[in-house]
Amino acid sequence: MRYSEADIREFIADNDVKFIKFSFCDVFGNQKIISVLPSVLPRAFAQGIAVDASRIEGFYKPEDSELFLFPDTDTISLLPWRPSHGRVARFYCHIKDQEGNEFAQDGRKILRDAVNYAKARGIRVNFGAENDFYLFRTDEQGEPTDIPFDYAGFMDEAPEDRGEDVRRDICLTLEAMGIEPQYSQHISGPGQNRIDFAPGPALECADNVITFRSVVKMMATRNGLWAAFSPKPIPDQAGNGFRIAIRPVKDSQSCADAFLAGILEHFKEMEVFFNPREESYDRLGTFGAPDCISWADTGRGSLLRRKADGRIELSAADGAANPYLCFALLIYAGIDGTERGLSLHQAEVGQPLARSLGEAKVLCRESSFLQGLLPREILRAYINA
């Protein structure tokens, strides 16, 4: 922990913070927020902030039970789009039950466990992310329409690319929040954009993905637009990918090949977590999105790419995926490959990915690998959703 409770109190006072947002996600990666006043912080650190668990999708707590949010002090950040006087800050939170135990269905907890599992085996895994999104116009009441903000194509520039200023606002906001954007561009679909940011440790990167999605939606709204991360916002156009870069290192040496082989072996049974909606399967196999178990050193149409610097890139996930669960599952699958000494030459490539959400759910339900990793409540949420 970099920051103590005293550090946080000083930060709140120095920055004239009047509201603090406590953030967490449901099992599908949808961000939830409760705002508290600075006067409540001492109680939050000591006892947590109670939330009604029965109302959060996938948490499956008894009707009368509560969960408690405890601020993760390392994630404190000011929200740059709020006023400079009476500012608003945000924490991501640890979730505990009434007995003080870490809540099993908390995605951040699941990812922390995966990171510790890797660390105990001498493996460190960093992650990076590329996120696609569409910008749509809104009507006079501010409600989203199905009209794209522009009709530019891949890497077009202004004036055809009307999203340039919005992407600039997004990048500057991310920088102000301590996230380093690297690339920004218009991509294939009308009104479709992409921004990626610097890689980092697994939990930090997953938090950054959730922050990124929130910032994109906020900056779009401030520009009179609507941002969509859904897998296939326009049926006959490119879908929104969530490309994941993975760099696994074991005892200071790359273990990318065996790690990649482990992901190849387990991906089909994990697929519902990377493609959790019916429209996810409309995206796969179109506009360069993969449709089978495959890997390559070049070309973006494969499920996985192996890079010369020890990175692995996964192209199957889409914008509806929960980054915490995705990163955790990739760590466990990759480590299974390294511990079993799997070889890429032994990988069974060419098998088709699931053709529908129903097929992906069946593969998940039958997976002994997943049953040994995830709480049954999370498996039930994804299988029954």
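The values are calculated or read from the model by the stated rules, or taken from the named source; none is laboratory data. Because the structure is predicted, anything quoted here is derived from the model rather than measured. Note that we place each Cβ from the backbone using ideal geometry, even for glycine, and neighbour counts take in every protein chain shown. Protein only, heavy atoms only, side chains kept; ligands, DNA and RNA dropped before computing areas. Shrake-Rupley method; radii C 1.70, N 1.55, O 1.52, S 1.80 Å.
For Glu57 and Asn101, a Förster radius of 25 Å and the Cβ-Cβ distance give a FRET efficiency of 0.75, rounded to the nearest 0.05. Based on DSSP H segments of at least four residues, each scored -39500 (n - 2.57), the chain has a per-residue ellipticity at 222 nm of -10000 deg cm²/dmol. Is the stretch 153-278 rounded, prolate or oblate when judged by the Cα gyration tensor, a ≥ b ≥ c being the square roots of its eigenvalues, rounded requiring a/c under 1.5 and prolate requiring a/b larger than b/c? Prolate is the answer for the stretch 153-278, as a/c is 1.5 or above and a/b outweighs b/c. Counting protein heavy atoms only, the chain has 46 percent of its accessible area on carbon and sulfur, 1.4 angstrom probe. Here, the stretch 55-162 yields an orientationally averaged convex hull projection of 13.3 nm² when only Cα atoms define the hull. Backbone geometry of the stretch 319-330 corresponds, through the Karplus equation with coefficients 6.51, -1.76 and 1.60 at θ = phi - 60°, to 3J(HN,Hα) couplings of x, 8, 6, 7, x, 5, 5, 4, 5, 4, 5, 5 Hz, x marking Gly and Pro. The listed peptides 148-156, 340-348, ordered by packing as a protection proxy, come out as 148-156, 340-348 (highest mean of other Cβ atoms within 10 Å first).
Note on the stretch 30-72: the alpha carbon radius of gyration divided by the globular reference 2.2 N^0.38 Å gives 1.24.
Taking a ≥ b ≥ c as the square roots of the eigenvalues of the alpha carbon gyration tensor, the stretch 112-216 is prolate, as a/c is not under 1.5 and a/b beats b/c. Calculated on the alpha-carbon coordinates, the convex hull of the stretch 229-336 measures out at 88 cubic angstrom per residue.
In the neighborhood of Asn126, defined by Cβ-to-Cβ distances under 10 Å, what is the net charge if each Lys or Arg adds +1 and each Asp or Glu adds -1? Counting the neighbours of Asn126, the net charge comes to +2.
Placing pseudo-labels 7 Å out from each Cα toward the beta carbon at Asn384 and Tyr183 gives an inter-label distance of 4.2 nm. Computed 3J(HN,Hα) for the stretch 10-24, one whole-Hz value per residue from the Karplus formula 6.51 cos²θ - 1.76 cosθ + 1.60 where θ = phi - 60°, is 5, 4, 4, 5, 5, 9, 6, 7, 10, 9, 10, 8, 9, 10, 8, glycine and proline marked x. Calculated accessible area for the stretch 192-300 comes out at 35 Å² per residue, all protein chains present (probe 1.4 Å; ligands, DNA, RNA ignored). Scalar couplings 3J(HN,Hα) for the stretch 248-262, obtained by applying the Karplus form with A = 6.51, B = -1.76, C = 1.60 to θ = phi - 60°, are x, 10, 10, 6, 6, 10, 4, 10, 4, 5, 5, 4, 4, 4, x Hz; x denotes Gly and Pro.
Which FRET efficiency value, to the nearest 0.05, do you get for Ser84 and Arg2 by plugging their Cβ-Cβ distance into 1/(1 + (r/R0)^6) with R0 = 22 Å? The pair Ser84/Arg2 has a calculated efficiency of 0.35. For Leu353, the residues 5 or more places off, or on other chains, whose built amide H falls under 5 Å of its own are Cys292, Ile293. Under 5 Å from the amide H of Cys93 lie the amide H atoms of Ser23, Asp72, each residue being 5 or more positions distant or on a separate chain, with H modelled from the backbone and absent for Pro and chain starts. The alpha carbon convex hull volume per residue for the chain rounds to 149 Å³.
Shown here: the stretch 1-108, whose C-alpha atoms stretch 41, 26, 23 Å along the first, second and third principal axes, sorted largest to smallest. Using a cut-off of 23 Å between Cα atoms, the listed pairs Lys232/Lys268; Lys32/Lys109; Lys21/Lys119 include Lys21/Lys119 as exceeding that distance. I'd like the distance between the alpha-carbon centres of the stretch 138-203 and the stretch 30-57, rounded to an integer number of Å. If you average the Cα positions of each part, the centres end up 31 Å apart. Relative to one another, the C-alpha centroids of the stretch 313-385 and the stretch 64-88 are positioned 32 Å apart. Given their separation in residues at 0.36 nm each and the Cα-Cα distance between them, Asp14 and Ala296 gain 96.4 nm when the chain is fully extended.
Over the stretch 1-53, accessible surface divided per residue gives 53 Å², non-protein components excluded, 1.4 Å probe.
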